[in-house]
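> Attaching a single structure in structure tokens format; questions to follow.
The values are calculated or read from the model by the stated rules, or taken from the named source; none is laboratory data. This one's a predicted model, so the numbers in the text were calculated from it and none came from an experiment. Backbone-built Cβ (ideal geometry, glycine too); neighbour counts: all protein chains shown.
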Amino acid sequence: MEPDNIRFGGGASATVLHPLVAVFLLLAVVLILMLPRKYVIVPYLATALVIPLGQVIVAGGIHFTVYRIVVIVGLLRLVSSLRASQGSVMAGGFNTIDIAFSLYASFACIVFSLQWMQQAAVIKSMGNLLDALGGYFVLRFLIQDLDDIQRAIKILAAVALVVGVCMINEQITHTNVFGLLGGMPIGVAIRDGKARATGSFEVYITAGVFGATLLPLCIYLWTVAKSRLMAAVGIAGATIMTATSNSSTPVLSYVAGVVALCFWPFRGYMRAFRWGFAILLVSLHIIMNAPVWALIARIDLTGSSTGYHRYMLVDNFIRHFSDWWLLGAKDYNAWGYDMWDLSNQYVAYGVTGGLVTLSFFIVTIVRSFSRLGLARSIVMNDRQQEWGLWCVGAAVVAHVVAYFGVGYFDQMQVAWYALLAITCVVTLHAIPASDVQGELVAPDQEMVNTDQLWRAIEAE
């Protein structure tokens, strides 16, 4: 999904870049191409997250956002490294998370194109595919080890503080400084007398969710040697972004991440908790007068939320399963009032990409939890590594909760791709390397063959 001001279509070539953005972009391109690989993550993430998507170059009717441009440059750097290395440039090679992600991004493109059967729709979906696959695999290339993970989190933390300070300014002055660049409103959204700060993001909800989902990663960074300052910066920025967005979804996501972290003492009983939660939902569905998903309508953490709309999205989505399961549904707006507002990522993938896209999206999430869980079980005698895996899992939980209240269509996609890349790498590096090439040492010092270990992880 793309915001309305980022479209593909006809029109003369034009440039809508602010001069400051053009200079920043040019510097970022040079740095991405010239810096050592481990430092490329700095200009890449900073540019992708801080520059609003409304800053575009239009050439031949095709819109190249700043993010799309840095993705293309990042892919050039990836291809160059691939030719030089003559092997895989991704840590651990191609895994099941990569496969599931590639499939859901690809089917989203294919189904959307078949659904509309128009040239403009094909061009738009191909652009989305470039943003998704390109952005994801560039991050898989840039994040290779634990140092890269910590460097990426530090950049995300710095971005959170910078944008968070600008969001405080929005609350005070009701002026978005990023809007002065063009491509997004200068004014601030007001609901029930409360200002909802946006920062560099397209909407206040995704701005708040960026901070909320970042919190567990910053808490992990707090336990890393010589990283507490950046961890504090990130925690402050994440909290500010969540609070100043004045939206229930970010607050709920923030709480979900914190609650997931608080389950750390009960980590040995998570299977029982999961089954208990599932049984609770089924029981509520049986005894309630309304379906269990009607509980979404009761969520209002700010006093001005639209929980009922999100409930109706899910309710109509389930009731109209036959309309969308094969090739999505073009006429979902006819299901009810305001159904065009797909503020639920699961519903959005279903109605625009069909059941196959939604299924592979869920598989991506499941595989992330599975890898983290198995890696944690292997290193459970090493509390530092186990805690790191737990924090990454808490961040995934925060995203899973956020997806019930918003669809990622702006820079939040970058944050999600970064977390998936971190998940792939942190599970690989959960076990310290032994002196024997091709083997790993488990916490009990038993030698484990690398290939056998990760075949077990992929089969889990």
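> Got a sec? Which of 273, 360, 263 is among the hydrophobic types (A, V, I, L, M, F, W, C), in contact (Cβ under 8 Å) with a residue 60 or more places away in the chain, closer than 30 Å to residue 391 by Cβ and in contact with a helix residue (DSSP H, G or I) (Cβ under 8 Å, 6 or more places away or on another chain)?
That would be 360, the only listed residue that is among the hydrophobic types (A, V, I, L, M, F, W, C), in contact (Cβ under 8 Å) with a residue 60 or more places away in the chain, closer than 30 Å to residue 391 by Cβ and in contact with a helix residue (DSSP H, G or I) (Cβ under 8 Å, 6 or more places away or on another chain).
Listed here are the residues, each with its yes/no results for (1) surrounded by 19 or more Cβ atoms within 10 Å (Cβ to Cβ); (2) out of contact with any strand residue (DSSP E or B) (no Cβ under 7 Å at 6 or more places or on another chain); (3) closer than 20 Å to residue 205 by Cα; (4) in contact (Cβ under 8 Å) with a residue 60 or more places away in the chain.
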residue: 290; (1), (2), (3), (4): no, yes, no, no
residue: 301; (1), (2), (3), (4): no, yes, yes, no
residue: 321; (1), (2), (3), (4): no, yes, no, no
residue: 349; (1), (2), (3), (4): yes, yes, yes, yes
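The rows are residues; the columns are (1) in contact (Cβ under 8 Å) with a residue 60 or more places away in the chain; (2) surrounded by fewer than 21 Cβ atoms within 10 Å (Cβ to Cβ).
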position: 339; (1), (2): no, yes
position: 342; (1), (2): yes, no
position: 378; (1), (2): yes, no
position: 384; (1), (2): yes, yes
position: 388; (1), (2): yes, no
position: 393; (1), (2): yes, no
position: 415; (1), (2): yes, no
position: 419; (1), (2): yes, no
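> Please work out if residue 377 is at pLDDT 95 or above, more than 12 Å from the chain's Cα centre (by Cα) and among the polar types (S, T, N, Q).
Working: at pLDDT 95 or above: no; more than 12 Å from the chain's Cα centre (by Cα): yes; among the polar types (S, T, N, Q): yes.
The answer is no for residue 377.
> Just give me the residues in segment 183-207 being more than 25 Å from the chain's Cα centre (by Cα) and either under 25 Å from residue 45 (Cα atoms) or not aliphatic (A, V, I, L, M) (or both), in sequence order.
186, 187, 191, 192, 193, 194 - these are the residues of segment 183-207 that are more than 25 Å from the chain's Cα centre (by Cα) and either under 25 Å from residue 45 (Cα atoms) or not aliphatic (A, V, I, L, M) (or both).
> When residue 238 is evaluated against the numbered criteria (1) touching a Cys at 6+ places or on another chain (Cβ under 9 Å); (2) farther than 15 Å from residue 402 by Cα, which criterion, by number, is the only one it fails?
Single failed check for residue 238: (2).
> Out of segment 139-151, which residues are in a helix (DSSP H, G or I) and either more than 27 Å from residue 198 (Cβ to Cβ) or in contact with a Lys or Arg (Cβ under 8 Å, 6 or more places away or on another chain) (or both)?
140, 141, 142, 146, 147, 148, 149, 150, 151
> Next question, about the same structure. With among the small types (Gly, Ala, Ser) and within 23 Å of residue 115 (Cβ to Cβ) as the only criterion, which of 303, 328, 276 stands out? Spell out how you get there, then give the answer.
Working: 303 fails: within 23 Å of residue 115 (Cβ to Cβ); 276 fails: within 23 Å of residue 115 (Cβ to Cβ).
Testing whether each residue is among the small types (Gly, Ala, Ser) and within 23 Å of residue 115 (Cβ to Cβ) leaves just 328.
> Any residue that is under 18 Å from residue 392 (Cα atoms) and either among the basic types (Lys, Arg) or in contact with a His (Cβ under 7 Å, 6 or more places away or on another chain) (or both) - is there at least one of those in segment 292-314?
Going residue by residue through segment 292-314, those that are under 18 Å from residue 392 (Cα atoms) are none.
Looking through segment 292-314, none of the residues is under 18 Å from residue 392 (Cα atoms) and either among the basic types (Lys, Arg) or in contact with a His (Cβ under 7 Å, 6 or more places away or on another chain) (or both).
> Now a separate question. On the given criteria, is residue 124 among the charged types (D, E, K, R) and closer than 21 Å to residue 326 by Cα?
yes
> Within segment 356-388, track down each residue that is assigned to a helix (DSSP H, G or I), of a type in the set (Val, Ile, Thr) and under 30 Å from residue 224 (Cβ atoms).
Selection gives 364, 365, 366, 378.
> Could you list, in sequence order, all residues of segment 83-137 that are basic (Lys, Arg) and within 21 Å of residue 410 (Cα to Cα)?
The one that is basic (Lys, Arg) and within 21 Å of residue 410 (Cα to Cα): 124.
> Sort through 226, 154 and tell me the only one that's among the basic types (Lys, Arg) and either touching a Lys or Arg at 6+ places or on another chain (Cβ under 6 Å) or outside any helix (DSSP H, G or I) (or both).
After ruling out the rest, the residue left standing is 226.
> Of the residues 53, 75, 35, only one is over 24 Å from the mean Cα position of the chain (by Cα) and either of a type outside the set (Phe, Trp, Tyr) or farther than 20 Å from residue 419 by Cβ (or both); which?
Only one candidate passes the filter, namely 35.
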